[in-house]
Amino acid sequence: MTLPWGLHERLWPLKYTIFLGLFAVTLVSIETAEALAEVEPFKTAIVLKFARAWPFVLYALILVGIGLFVERFYCRYLCPLGAALAIPARLRMFDWLKRYGECGSPCQTCSRECPVQAIHPEGHINPNECVNCMHCQVLYHSETKCPVVIRQLKRRQKASAGAATLDRAIQNHPNQKKGKVHV
């Protein structure tokens, strides 16, 4: 299930707020920050195998349930570690995810098909939210889904068909002798 873009855009900052809150509390009290770090459900689900007090188990089960319908829900909207790791992602040296000028306007293929909605409807990729699944790059080169590639292929086919017609016309010209056209 894909969340509506407006809701998705409003949920993005939540993980950054959680990260900054945990970071601020860490500066005051490590013990309190450790207790608040329970926003992360993996200790309950993986380390302790759900052998915890019911509020922790309920929280983990709710996140698992939502995750069944919304891809990577916790990672995309709540994970403070993901937020912390997204900050240095802004400092990337190369912008190696390719985009066409037409991406986003009028084409919406990549933004509709991005599994984590990291591609804005306008066409640009949000590097903080991108998980580098490379699906957009597969679409970028797709001869069946990318309108830009399809249009380029049609132009090439028309051009080669035109060249072939011209070659036939030259070969069938009445003044042609031994492969040369005499005018």
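The values are calculated or read from the model by the stated rules, or taken from the named source; none is laboratory data. Since the model is a prediction, treat every value here as computed from it, not as a measurement. Ideal geometry is used to build each Cβ from the backbone, glycine not excepted, and the neighbour counts take in all protein chains shown.
Observations, loosely collected:
- Pairs where the first residue, in segment 113-124, is free of Cβ contacts under 8 Å to residues at least 60 places away in the same chain and the second is of a type in the set (D, E, K, R) and assigned to a loop (DSSP other than H, G, I, E, B), C-beta under 7 Å, 6+ apart: PRO115/GLU71; VAL116/GLU71; VAL116/ARG72; VAL116/GLU129; ALA118/GLU129; GLY123/ARG99
- Checking each residue in segment 10-31 for being hydroxyl-bearing (Ser, Thr, Tyr) and either part of a helix (DSSP H, G or I) or surrounded by 14 or more Cβ atoms within 10 Å (Cβ to Cβ) (or both) picks out TYR16, THR17, THR26.
- Enumeration of residues in segment 2-43 that are more than 17 Å from PHE56 (Cβ to Cβ) and of a type in the set (Asp, Glu): GLU9, GLU31
- Looking at CYS103, CYS130, just one residue is buried (at least 16 other Cβ atoms within 10 Å of the Cβ), modelled with pLDDT of 80 or more and outside the structural domain of GLY6 (by TED's automatic domain parsing), and that residue is CYS130.
- Considering TYR74, TYR100, the condition of being among the aromatic types (Phe, Trp, Tyr) and not in a helix (DSSP H, G or I) is satisfied by TYR100 alone.
- Check on ARG90, modelled with pLDDT of 85 or more and among the charged types (D, E, K, R): no
- Residue within segment 79-86 that is more than 18 Å from the chain's Cα centre (by Cα) and without any contact (Cβ under 8 Å) to a residue 12 or more places away in the chain present: no
- Of all residues making up segment 11-44, the number that are within 10 Å of ALA83 (Cβ to Cβ) and of a type in the set (Ser, Thr, Tyr): 2
- The residue of segment 32-49 that is nearest to the chain's Cα centre (by Cα), among those that are surrounded by 14 or more Cβ atoms within 10 Å (Cβ to Cβ) and among the hydrophobic types (A, V, I, L, M, F, W, C), is VAL39.
- Yes/no for PHE56 being hydrophobic (A, V, I, L, M, F, W, C), touching a helix residue (DSSP H, G or I) at 6+ places or on another chain (Cβ under 7 Å) and in the same structural domain as LEU7 (by TED's automatic domain parsing): yes
- The condition (being in contact with a Leu (Cβ under 8 Å, 6 or more places away or on another chain) and exposed (fewer than 14 other Cβ atoms within 10 Å of the Cβ)) is satisfied by just one residue among GLU143, GLU122: GLU143.
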